[in-house]
Amino acid sequence: MPEPTDIRPSPIAGTWYPGDRKILADSIDRYLENASVSAPIEGQIMGLIVPHAGHRYSGAVAAHAFKLIRGMQPETVVILSPLHALSPGKILTSGHDAFATPLGVIPINRALQTRFEENLGRDFQIKVEQVRLDQEHALEIELPFLQRVLQGPFQLLAVMLREQSERTARAISEVLAQLLEPATSLIIGSSDLSHFYPERHALELDREMIRRIESFQPAEVIRAEAEGVGYACGHGAIAAAMWTARALGADRIKVLEHATSANVTGDSSSVVGYASAAIYRSEEARQIDE
């Protein structure tokens with residue numbers, strides 16, 4: 001495969017995470033070293049839910065999930081994230097052939113992206129817009145972790161959701177489930193939780209959102225915000241990741257870690273919530289299928 005030449009430069013290296021290659025690698029390795037899981041995941045990990053604030057704030061929480069996939073060798077990683085910028089498109093993919101971080105270049109799975117865009121338009125009449133030189137952090141922030149934990153090269157499908165309705169999230173998941181192979185794919189839903197509430201109220205909102213995630217009911221994740229009982233800026237991305245993983249055989253979710261920005265800043269007057277989780281196919285489900 002020829003080396004990509006149309007590469008999206010990182011707009012956040014040096015601010016949201018270290019811009020120096022060695023400093024970045026060392027910082028991620030420290031997050032991973034300090035992360036732990038109370039009980040092992042007994043099954044095949046098919047997806048992760050991870051936060052997307054600057055590494056200083058949410059890296060320790062994200063590391064609990066990324067540590068579980070150390071040594072995995074997926075051919076393609078699908079990252080579903082919200083889009084924080086204004087855009088005329090409901091769903092966006094990258095107009096570049098690769099993403100760059102200080103740790104190297106990650107090529108876009110162009111064939112998969114083309115089929116994703118075509119199928120979403122044909123089957124659901126959702127037009128996918130390609131974006132160039134975007135400033136979106138929610139997707140890129142996960143890439144250095146993937147570059148440190150995955151064994152060998154991988155390709156990326158970057159999907160950014162400006163519209164996070166249930167219909168759109170379901171449509172994305174149905175198309176992805178048709179296109180992905182469970183044995184060679186990893187699905188990531190990128191989202192923070194409550195935003196800028198006093199910590200006491202933020203914890204209430206986060207507990208409800210975490211409860212709905214753990215119930216493995218993606219529609220309930222989307223409805224939590226409409227009901228005013230929970231919040232996640234990437235609720236549609238989380239739901240789409242859950243639906244996709246479930247369609248590919250996952251039957252369990254385990255929330256691994258939760259914290260707020262107050263754990264780092266010491267300021268509990270206005271916080272952002274972070275959680276990480278693993279989506280997996282349990283050993284029981286695998287034994288039944290066998």
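The values are calculated or read from the model by the stated rules, or taken from the named source; none is laboratory data. Just so we're clear, the structure is a prediction, and the values are computed from it rather than from any experiment. When we count neighbours, we look across all protein chains shown, and the Cβ atoms used for this are built from the backbone with ideal geometry, even at glycine.
Before moving on, here are some points about what is shown:
- Residue in the range 129-146 that is under 15 Å from Trp243 (Cβ atoms), outside any loop (DSSP other than H, G, I, E, B) and modelled with pLDDT of 95 or more present: no
- Residue check: Ala262 meets all listed conditions (1) free of Cβ contacts under 8 Å to residues at least 40 places away in the same chain; (2) among the hydrophobic types (A, V, I, L, M, F, W, C); (3) over 20 Å from Leu161 (Cα atoms) but one, namely (1).
- Conditions (1) outside any loop (DSSP other than H, G, I, E, B); (2) among the charged types (D, E, K, R); (3) under 19 Å from Pro9 (Cβ atoms); number of the one not met by Arg167: (3)
- Single match in Val221, Val264 (criterion: β-branched (Val, Ile, Thr), closer than 19 Å to His55 by Cα and in a helix (DSSP H, G or I)): Val264
- Listed by first and then second residue, the pairs linking a residue in the range 94-118 that is over 17 Å from Glu129 (Cβ atoms) to a residue that is buried (at least 21 other Cβ atoms within 10 Å of the Cβ) and small (Gly, Ala, Ser), with Cβ atoms under 8 Å apart and 6 or more places separating them unless they lie on different chains, are Phe99/Ala158.
- Residues (in contact with a helix residue (DSSP H, G or I) (Cβ under 9 Å, 6 or more places away or on another chain) and more than 27 Å from Glu136 (Cα to Cα)) located in the range 270-290: Tyr280, Arg281
- Screening the range 235-281 for residues that are of a type in the set (Ser, Thr, Tyr) and buried (at least 17 other Cβ atoms within 10 Å of the Cβ) and picking the one that is nearest to Ile213 (Cα to Cα) gives Ser276.
- Taken over the range 181-212, the residue count meeting the criterion of being outside any helix (DSSP H, G or I) and surrounded by fewer than 16 Cβ atoms within 10 Å (Cβ to Cβ) is 4.
- Looking across Leu32, Leu68, Leu24, one residue alone is over 19 Å from the mean Cα position of the chain (by Cα) and either surrounded by 21 or more Cβ atoms within 10 Å (Cβ to Cβ) or closer than 14 Å to Leu256 by Cβ (or both). It is Leu24.
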